[in-house]
Amino acid sequence: MAELIASGNVWNLNSLGDYESRFAEGDRGRVDLQLHYAVPSQIVSGLDSALRAAGVKLTQRVEQTHSTPTIRIHFQKANPALVIIAIAAAASIVLIAAVFAWQLTKVPAPLAAIGGGITIIIIIAIVGVLALSYFSGKSPVSLIGGK
């Protein structure tokens, strides 16, 4: 479940870096920049490129939602990412003019990033079925639906 770490307005966007310590190396997070209006797609792709060039480990492309204009920046903690994100967002005059609020959220890692946990569970289940069939004297095929 995602955990809201902090939120603010355009005037304290520079404080984003103060929350760096809330993320351990490898943790995932998301910064949402809430906008007064949608910005051109070139601004969004430029922000994506600038963040990548500055060494921010993005886990997805920077995106803009249009239902409620928001720029979403998904990142993984690998350096002072939040400081770089705040500086990059503030550096764009068009973008900073559109921002009115921000939110910082810690996001749990997807299952695939947990080290193959699902694969391990499946293997344990298969071994369990085979062990059960061995000790019960029935063939594994009959347990799985064969004849």
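Just so it is clear, none of the values below were taken in a lab; they were calculated from the coordinates. For clarity, every value in this text was computed on a predicted model and none was experimentally measured. When we count neighbours, we look across all protein chains shown, and the Cβ atoms used for this are built from the backbone with ideal geometry, even at glycine.
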*³J(HN,Hα) across the range 71-80 via Karplus (A = 6.51, B = -1.76, C = 1.60, θ = phi - 60°), whole Hz, x for Gly/Pro?*
9, 10, 10, 8, 9, 10, 5, 9, 6, x
*asked:* Per 0.36 nm of contour for each residue apart, how much would the distance between residue 1 and residue 14 grow if the chain were fully extended, relative to their Cα-Cα spacing?
replied: 2.0 nm
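What do you get when you divide the Cα radius of gyration of the range 52-114 by 2.2 N^0.38 Å, with N the number of residues?
On the way: Rg = 12.7 Å, N = 63, 2.2 N^0.38 = 10.6 Å.
Compared with the compact-globule rule of thumb, the range 52-114 sits at 1.20.
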*asked:* With 10 angstrom as the radius, rank 92, 45 by how many other C-beta atoms surround their C-beta, starting from the fewest.
replied: 45, 92
*asked:* Using amide H atoms built in the peptide plane, which far-off residues or other-chain residues are under 5 Å from residue 5 H to H?
replied: 104, 105, 106
*Pull out the extension gain between residue 97 and residue 37, defined as 0.36 nm times the separation in residues minus the alpha carbon to alpha carbon distance; nm, one decimal.*
20.6 nm
